[in-house]
1. Of the conditions (1) under 28 Å from Ser170 (Cα atoms); (2) touching a residue at least 24 places away in the same chain (Cβ under 8 Å); (3) assigned to a helix (DSSP H, G or I), Glu112 fails just one. Which one is it?
2. Between residues in the stretch 161-187 that are under 19 Å from Asp108 (Cβ atoms) and residues that are among the basic types (Lys, Arg) and in a helix (DSSP H, G or I), which pairs lie under 7 Å by C-beta distance while being six or more apart or on different chains?
3. Say we look at the stretch 1-34 and pick out the residues that are hydrophobic (A, V, I, L, M, F, W, C) and either in contact with a Lys or Arg (Cβ under 8 Å, 6 or more places away or on another chain) or outside any helix (DSSP H, G or I) (or both); which of these is modelled with the lowest pLDDT?
4. Please state which of the following conditions Glu62 fails to meet, knowing it meets all the rest: (1) modelled with pLDDT of 95 or more; (2) at positive phi.
5. Considering (1) buried (at least 17 other Cβ atoms within 10 Å of the Cβ); (2) more than 23 Å from Leu121 (Cα to Cα); (3) out of contact with any Phe, Trp or Tyr (no Cβ under 8 Å at 6 or more places or on another chain), say which one Leu21 fails and leave the rest.
6. Answer with yes or no whether Val37 is modelled with pLDDT under 95 and in contact with a His (Cβ under 9 Å, 6 or more places away or on another chain).
7. Lys123 is checked against (1) surrounded by fewer than 17 Cβ atoms within 10 Å (Cβ to Cβ); (2) part of a helix (DSSP H, G or I) and fails just one. What number does that condition carry?
Amino acid sequence: MTERGIKCNIVAYTTLINEMLREGKHDHAKKMYDEMVSSGHKPSVATYTVFINSYCKEGQLEEAEKLIVEMEREGVAPDAVTYNRFIDGCGQMGYIDRAFHTLKRMMDASCEPDYGTYCLLLKHLLRENLSALYVDASAFWNLIELDTIWKFLERMSQHGLNPTITTYSSLIAGFCKARHIKEACVLLDHMRGKDITPNEEIYTLLIKCCCDTKFFEKASSFVNNMIECGSQPHLDSYQLIILGLCNEGEFEKAKLLFSDLLELGYNHDEIAWKILNDGLLKFGYVDICSQMLSTMENRHCCISSQTYAMVTNGMHEASGSLVGELQGEAT
């Protein structure tokens with residue numbers, strides 16, 4: 001690049017430094033860093049973070065800590081990735097309290113922890129409780145029980161931290177990913193007991209998890225909770241519940257839910273697209289789709305001619321395909 005007269009920018013320098021550190025070429029990385037600074041480039045948060053990540057992987061927490069202090073002194077605010085790398089380094093060394101202290105430092109600096117932050121803390125707390133050397137990050141939500149969550153929240157309290165809605169959202173998201181709806185609902189009640197009102201994101205996670213685990217009535221109750229809180233559930237949520245009810249043979253419940261949906265001020269074209277075409281027709285429920293379209297017509301729902309044609313053509317095509325399959329089976 002230099003020979004061609006192309007000057008490296010901060011992104012290029014940081015990328016090169018990161019690759020050198022990954023290959024264990026620390027002296028080369030430091031020389032590249034010095035070259036970057038001497039050429040007039042101020043280290044970015046990403047530049048500092050790649051060094052911090054490298055130090056943490058090598059167990060050199062004090063060196064990593066010094067860089068965080070230097071960042072703050074130079075007016076470069078550490079971001080969630082920076083703190084997460086240091087929290088992970090503390091956990092890998094077995095310094096759980098230091099990891100929670102870093103969480104406090106992070107929140108005091110108005111840097112909002114993300115889902116990854118809480119996953120890292122829980123992973124290392126679980127490892128400590130199991131006295132295990134390694135916990136698979138992709139499977140640890142299947143191992144976590146509520147006792148670990150209560151210990152986690154207690155550790156936060158010991159460090160002067162109050163769980164926020166992001167904390168609960170992350171914990172509920174983890175249980176929902178593992179399809180542990182019972183634990184997710186217990187956490188929902190716990191956050192309500194702390195006078196923290198669930199947001200749209202939390203309810204959407206719970207609705208999907210209920211549908212994945214075939215608790216469709218519970219999913220419907222969460223939809224009602226959202227409406228009571230002044231939020232409008234996503235049409236994706238209604239699609240999941242209606243399809244789930246149809247798959248379970250609960251067609252009347254599906255039609256009632258669809259009727260309720262029409263009263264909530266959604267765009268009728270979007271309803272027809274999402275529920276009828278992308279939902280029922282896609283999965284072969286031609287008859288129920290026809291009945292729901294009739295419901296829309298009887299309620300004088302305003303559907304554009306293009307959308308109406310799309311749905312009716314889709315029903316005709318699906319019906320033709322079904323007749324063909326039945327004739328094929330008969331022969």
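1. That leaves (3) as the condition not met.
2. Leu161/Lys104
3. Met1
4. (2)
5. Failed condition: (3).
6. Considered against the rule, which asks whether it is modelled with pLDDT under 95 and in contact with a His (Cβ under 9 Å, 6 or more places away or on another chain), Val37 comes out as no.
7. Of (1) surrounded by fewer than 17 Cβ atoms within 10 Å (Cβ to Cβ); (2) part of a helix (DSSP H, G or I), only one is false for Lys123: (1).
This table checks each residue for (1) touching a residue at least 60 places away in the same chain (Cβ under 8 Å); (2) over 19 Å from Thr117 (Cα atoms); (3) surrounded by fewer than 13 Cβ atoms within 10 Å (Cβ to Cβ).
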| residue | (1), (2), (3) |
| --- | --- |
| Cys8 | no, yes, no |
| Ala12 | no, yes, no |
| Lys25 | no, yes, no |
| Lys31 | no, yes, no |
| Lys42 | no, yes, yes |
| Ile52 | no, no, no |
| Gln60 | no, yes, no |
| Lys66 | no, yes, no |
| Pro78 | no, no, no |
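The values are calculated or read from the model by the stated rules, or taken from the named source; none is laboratory data. Computed from a predicted structure; not experimentally measured. As a convention, Cβ positions derive from the backbone with ideal geometry for all residues, glycine included, and neighbour counts pool all protein chains shown.
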